[in-house]
Amino acid sequence: MINAFVRKLCWLIPALLCCAVAIFFGKDINFDAVNYHGYVAFALFEGRLNTDFFPAGPQSYLNPVGYIPFYLLTLLFDDIGVSIGLALIHSACIYGLIFLTRELICRHTHREAYFLAIILSMLTTVFWQVVGSTFIDAHVGALVLFGLVYLIRWCKDLESSPGNKNISVSAFLFGFACGLKLTAIIYAVGAGIIAFVLLALYRNQWKQFILFVLVGVGSFMLVEGWWAYFVYQRTGNPFFPYFNHIFASPLYPAVSITNTRFIPEGLMEGLLLPLRAAMPLPWLYQELRSPDIRLFVIFALMIGGMVFFRHKLKSSFSGMVAICFFVISYIFWLITSGNGRYAVALFLMVGVLIAWALVQLCRQSLAKNILLGLVFLQFTIFYVGGNFRWSDQTFSDDWFGYEIPEKLLKEPALYLTLHKNSFSFLASKVHPLSAFANLSGQLALPLSGELQTYLTDAEDKVSGRVRFVESAMLEPAGVITDKDLPTIDGYQLRSRLIYVMNSRFSRFGYEVDKTDCVFISQGINPAEMNSKILFSCGLKKNLKTLESFNKNVSSVDIVFNAIEAKCFGLFDPRVSFTEKYGDLWRRDYTGSEVMMYLSAGSVWLSFSDRIGVLRLGAFDELVNGVEGVKCDNDLVRVSNDL
């Protein structure tokens, strides 16, 4: 009786562990949380699809279902409660991991290997970075792990004419994961290929395979179908703005958008990733340092085992299914994104696969000792070399912690943002009749068609009150004499920033009203390194700025368009629009994270994940032709700079 009670208590350990880790590392006010995590579910419940225009950039129209828990938690609890609630959801990954380990390793005959497999699997920063945060990648990871568990259970019963329950549950979970986040398609492909081979080819059971496909598609449509329909009605593209080269929504050019920053640039770089992953390098398979020796170990074991001990590995059919699923999903992950967050399930199951391979290939005592050594080694590089938060902050009463000025609470306005981070979380905090539009953040929008109509109508609805939100740049108040600019705790808004914002809004015919600026702060001293202060100023119509912009941009467009056409492989999406940033002209390409700009008489390229900049040539020479431009990008990646 006591033993049964203790065993039940043990099942609480994963949930308690995730809660403890979430509190220990603090809340993560990362870029995506501010940009769209705090907006999309709010927009769903408040019906903002027709009120706002591109409010959170290209992520504005992503499926909001996965973010509903975060939204509801913020309504009910303070930020510690929110973090604990999210951590409890994320702990489902560990429970899925435990069930997966049970399917591959017998906990009675290989007790030590069983527990060491679970511990080794959990030693990945990719998982702990998102625990208690607003990212939904752990939601998806849990569905994938349980989907794999049911797929393996079905495979175990293949020879005894299994029913449809396990295969249907597996298909449902994989389809649900894809509905929550389209990046989970890598797992659906892995599961689909296994089901096709075992059902259609091996057993000629096409009906069961069709059932698997139909259940998976039905589950996907249950989560994504209705939302895709609403987005299609609004934009003409169910996945707007992605895949617009197929659906051709009139709201954006008919081009594709693919984020390529973590995708290996060649076969050799892809093959070397498991080895390089052991080093504490940023921008390798995500922005943060996530050293992991386990990837190299599992591929070494797979290759060595298949070459020298193939018969031993093949003796465990369920293990081979898990290995095939891992390899297929891993390959598709590399060629589609290479982003570690999208592969939470893969990084969690690595330890289990290592333990399974060692159990098959080695004596029990040797397998245990190797696993102990790997646990010690991985924990060391995991804790010493890894990062666990993108932007950690201490807990407060509100998740985002920004204090909204009274003016923004009382007066509705049309908020225009030009930052890569749209700050769309503010939509739920300012006057409820306000509207938001991100005109030029991650994607620059053309001032034509529906956007022009939207700006006119939205401005009328708020009695002509138009504002913008931007990150503040401050300097000591005594340095600046412009009395119109606001101050905060002895610091004043930098006048140069107003000049830059005027140049940026000239493309839309606005200028800044610097007498109508307020700060949106987190109550943190501006002198502190982690202080993130926003500011909002009113905008006034000034069509002369638009005329001046159009007059001066034409020659720049000629050069930029020619370079785009010649070096199209460097730019994703392949079309962008020229903007003015103070004294320079520039275009941003969010997919390849490239910036092309004209400065100091020359045209340059800069890459977010590269060291240095690339000079394409003098502008005066490029006006006459871009034949001499070299399209080779030989800048060193940040992750290659040891």
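The values are calculated or read from the model by the stated rules, or taken from the named source; none is laboratory data. Because the structure is a prediction, the values reported are computed rather than measured. When we count neighbours, we look across all protein chains shown, and the Cβ atoms used for this are built from the backbone with ideal geometry, even at glycine. The area values use the complete protein model at the heavy-atom level, side chains included, leaving out ligands, DNA and RNA. Shrake-Rupley method; radii C 1.70, N 1.55, O 1.52, S 1.80 Å.
Being of a type in the set (S, T, N, Q) and either in contact (Cβ under 8 Å) with a residue 40 or more places away in the chain or more than 18 Å from residue 469 (Cβ to Cβ) (or both) is the filter here, so list the residues in the range 430-441 that pass it. Steps first, please.
Filtering the range 430-441 for residues of a type in the set (S, T, N, Q) gives 434, 438, 440.
Once the filter is applied, which keeps residues that are of a type in the set (S, T, N, Q) and either in contact (Cβ under 8 Å) with a residue 40 or more places away in the chain or more than 18 Å from residue 469 (Cβ to Cβ) (or both), the range 430-441 yields 438, 440.
Every residue, every condition in (1) open to solvent by less than 20 Å² (accessible area, probe 1.4 Å); (2) touching a Gly at 6+ places or on another chain (Cβ under 9 Å); (3) within 25 Å of residue 281 (Cα to Cα), yes or no:
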site	(1), (2), (3)
322	yes, no, no
338	yes, yes, yes
347	yes, yes, yes
362	no, no, no
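Tally the residues that are open to solvent by 30 Å² or more (accessible area, probe 1.4 Å) and part of a loop (DSSP other than H, G, I, E, B), restricting the search to the range 279-308.
6
Of the residues that make up the range 533-554, is at least one under 24 Å from the mean Cα position of the chain (by Cα) and open to solvent by 30 Å² or more (accessible area, probe 1.4 Å)?
Going through the range 533-554, the residues under 24 Å from the mean Cα position of the chain (by Cα) turn out to be 533-534.
If we keep only those that are open to solvent by 30 Å² or more (accessible area, probe 1.4 Å) as well, we get none.
No, the range 533-554 contains no residue that is under 24 Å from the mean Cα position of the chain (by Cα) and open to solvent by 30 Å² or more (accessible area, probe 1.4 Å).
Could we say that residue 390 is touching a helix residue (DSSP H, G or I) at 6+ places or on another chain (Cβ under 9 Å) and part of a helix (DSSP H, G or I) here? Walk me through how you get there before you give the answer.
On the way: touching a helix residue (DSSP H, G or I) at 6+ places or on another chain (Cβ under 9 Å): yes; part of a helix (DSSP H, G or I): no.
Against the criterion (touching a helix residue (DSSP H, G or I) at 6+ places or on another chain (Cβ under 9 Å) and part of a helix (DSSP H, G or I)), residue 390 does not qualify.
Specify the residue that is least open to solvent (accessible area, probe 1.4 Å); the eligible residues are those in the range 364-409 that are within 30 Å of residue 39 (Cα to Cα) and aliphatic (A, V, I, L, M). Even if it seems obvious, please write down each step before you answer.
First, pick out the residues of the range 364-409 that are within 30 Å of residue 39 (Cα to Cα): 386-409.
Keeping just the survivors that are aliphatic (A, V, I, L, M) gives 404, 408-409.
Working: 404: 35, 408: 3, 409: 72 Å².
Step by step, filter the range 364-409, then rank; the result is 408.
Out of 89, 119, I need the residue that is part of a helix (DSSP H, G or I), within 30 Å of residue 430 (Cβ to Cβ) and open to solvent by 20 Å² or more (accessible area, probe 1.4 Å). Which one?
Working: 119 fails: within 30 Å of residue 430 (Cβ to Cβ).
Unique residue meeting the criteria: 89.
All but one of (1) farther than 30 Å from residue 412 by Cβ; (2) charged (D, E, K, R); (3) surrounded by 18 or more Cβ atoms within 10 Å (Cβ to Cβ); (4) over 27 Å from the mean Cα position of the chain (by Cα) hold for residue 564; state the number of the condition that does not hold.
(4)
If I go through the range 410-448 residue by residue, how many of them are in a helix (DSSP H, G or I) and open to solvent by 50 Å² or more (accessible area, probe 1.4 Å)? Lay out the reasoning, then the answer.
Of all residues in the range 410-448, those in a helix (DSSP H, G or I) come to 410, 424-428.
Those still in the list that are open to solvent by 50 Å² or more (accessible area, probe 1.4 Å) too: 410, 428.
Of the residues in the range 410-448, 2 are in a helix (DSSP H, G or I) and open to solvent by 50 Å² or more (accessible area, probe 1.4 Å).
For the range 461-486, name all the residues that are open to solvent by 40 Å² or more (accessible area, probe 1.4 Å), under 35 Å from the mean Cα position of the chain (by Cα) and either at pLDDT below 90 or among the acidic types (Asp, Glu) (or both).
473, 475
Could you look through the range 193-236, keep only residues that are basic (Lys, Arg) and in a helix (DSSP H, G or I), and pick out the one that is most open to solvent (accessible area, probe 1.4 Å)? Give the derivation first.
Taking the range 193-236 first, the residues basic (Lys, Arg) are 203, 207, 234.
Next, only the ones that are in a helix (DSSP H, G or I) stay: 207, 234.
Numbers: 207: 177, 234: 34 Å².
The selected residue is 207.
Would you please list the contacts, defined by Cβ atoms under 9 Å and residues six or more apart or on different chains, that run from a residue in the range 442-458 that is closer than 22 Å to residue 255 by Cα to a residue that is of a type in the set (A, V, I, L, M) and in a helix (DSSP H, G or I)?
Here the result reads 445/451; 447/455; 447/546, each pair linking the range 442-458 to a residue that is of a type in the set (A, V, I, L, M) and in a helix (DSSP H, G or I).
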